[in-house]
Amino acid sequence: MVCGVYICSIYLNQISTHKKVKLLNIKVMGHIKVMDQQCNATNIKPSEIPYVHYPKPKTYNRGECACNPVRFFAILSLQRTGSGWFETLLNSHINVTSNGEVFTPRERRTNITTIVKTMNEVYRLDWFSSASKNECTAAVGFKWMINQGFYRHRRQILKYFKKRGISSIFLFRKNILRRMISVLANSHDKDARPLNGTHQSHVYSRKEARILAKYKPTINATLLLSDLRQEVEETAEAIDFFKRTRHMVLYYEDLINNRTNLNLKEVQEFLRLPYRELSSSQVKIHTAPLSMQIQNWEAVREALEGTPYERFLYEN
């Protein structure tokens, strides 16, 4: 009888102790990560723990997906680099939510406080967009143009990225002359509205693409070299500054020309996603040689010949 009482007391004590322990503190690589003990993280490598999250939205309950780990990411880019097309590819994955350019409205990027508030809402899974998968999202993020407050607050943003375990995906164009043409053409389209009186930054039919491609912008050949040089320096500096975060660098041309989708496989591996074939219905607008897309082609050609940027004239 004494033995029975002793065994029973030990059993009750173990149950009591188990109920008191609700949180598990895990210290990895200088980070303290607190996660619900009820969520089993035994299959996650210790080096990956800082990048695994279990968000608790304020506006709904994740329910049976509460223990599905979520990765945080940000697509860092510039306008007219193919980032919209790239984002549609990501969002075709059943487990990915990429919420577009959340910092386009100025009021969301007036200072670091509003920036952090916006990011917190996105990564808490409380940001709703047409791409939202909500409860069972496995990777959540957004698109951020580096000229939309990003570079101005880069030190505080870097600190936030490192603290929250956010993975950076840099997406740029190798041929920045083509990006420049796309920017000028898009600016013209905003005023001209050639598609039935509407402006569309992205199109989904070849007919619409041909209509928009008819416009040939005139480039300031005098400022062209300095503009190209400035963009090269700014993008290189942004990548260098954020190389201390978990990051990858992609180029639009590589994604477009890679028939085996190797780069898209690498992106899914980077976000630790189950592999899926990704697709987009967007249609590329400018496909002709640059000589057929620039109004003052001869002036541009003369400005770039013999410079490090001469290759932009002939590269697709």
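The values are calculated or read from the model by the stated rules, or taken from the named source; none is laboratory data. Computed from a predicted structure; not experimentally measured. Don't worry about glycine lacking a Cβ; one is built from the backbone with ideal geometry, like all the others, and counts go over all protein chains shown. Quick note on the areas: whole protein, heavy atoms, side chains included, nothing else; ligands and nucleic acids left out. Shrake-Rupley method; radii C 1.70, N 1.55, O 1.52, S 1.80 Å.
Once the stretch 82-110 is narrowed to residues that are open to solvent by less than 60 Å² (accessible area, probe 1.4 Å) and aliphatic (A, V, I, L, M), the residue that is nearest to the chain's Cα centre (by Cα) is Leu90. Within the stretch 165-219, how many residues are basic (Lys, Arg) and in contact with a His (Cβ under 8 Å, 6 or more places away or on another chain)? Looking only at that region, the number is 3. Kindly establish whether Thr113 is modelled with pLDDT of 95 or more, hydroxyl-bearing (Ser, Thr, Tyr) and open to solvent by 50 Å² or more (accessible area, probe 1.4 Å). The answer is yes for Thr113.
Pick from Val267, Val300, Val249: which is over 15 Å from Leu90 (Cα atoms), under 20 Å from the mean Cα position of the chain (by Cα) and β-branched (Val, Ile, Thr)? Going through Val267, Val300, Val249 in turn, just one is over 15 Å from Leu90 (Cα atoms), under 20 Å from the mean Cα position of the chain (by Cα) and β-branched (Val, Ile, Thr): Val249. The residues listed here are Arg173, Arg206; of these, the one that is within 20 Å of the chain's Cα centre (by Cα) and of a type outside the set (Asp, Glu) is Arg173.
Mind listing whichever residues of the stretch 135-153 are under 19 Å from Tyr51 (Cα atoms) and either open to solvent by less than 40 Å² (accessible area, probe 1.4 Å) or of a type in the set (Val, Ile, Thr) (or both)? Matches in the stretch 135-153: Thr137, Ala138, Ala139, Val140, Gly141, Phe142, Lys143. Report yes if some residue within the stretch 140-154 is among the basic types (Lys, Arg) and under 30 Å from Gln295 (Cα atoms); otherwise report no. Scanning the stretch 140-154 turns up no residue that is among the basic types (Lys, Arg) and under 30 Å from Gln295 (Cα atoms).
Among the residues of the stretch 58-80, just one is among the polar types (S, T, N, Q), surrounded by fewer than 23 Cβ atoms within 10 Å (Cβ to Cβ) and touching a strand residue (DSSP E or B) at 6+ places or on another chain (Cβ under 8 Å), namely Gln79.
Regarding the stretch 175-188, can at least one residue be identified that is open to solvent by 60 Å² or more (accessible area, probe 1.4 Å), among the basic types (Lys, Arg) and either modelled with pLDDT under 95 or in a helix (DSSP H, G or I) (or both)? No, the stretch 175-188 has no match at all. Number of residues in the stretch 30-66 that are part of a loop (DSSP other than H, G, I, E, B) and either touching a helix residue (DSSP H, G or I) at 6+ places or on another chain (Cβ under 6 Å) or modelled with pLDDT of 90 or more (or both) equals 11. If you go through the stretch 189-208 and pick out every residue that is open to solvent by 100 Å² or more (accessible area, probe 1.4 Å) and either basic (Lys, Arg) or in a helix (DSSP H, G or I) (or both), you end up with 5. Condition check: farther than 18 Å from Ser83 by Cα, open to solvent by 30 Å² or more (accessible area, probe 1.4 Å) and among the aromatic types (Phe, Trp, Tyr). Does Tyr275 satisfy that? Yes.
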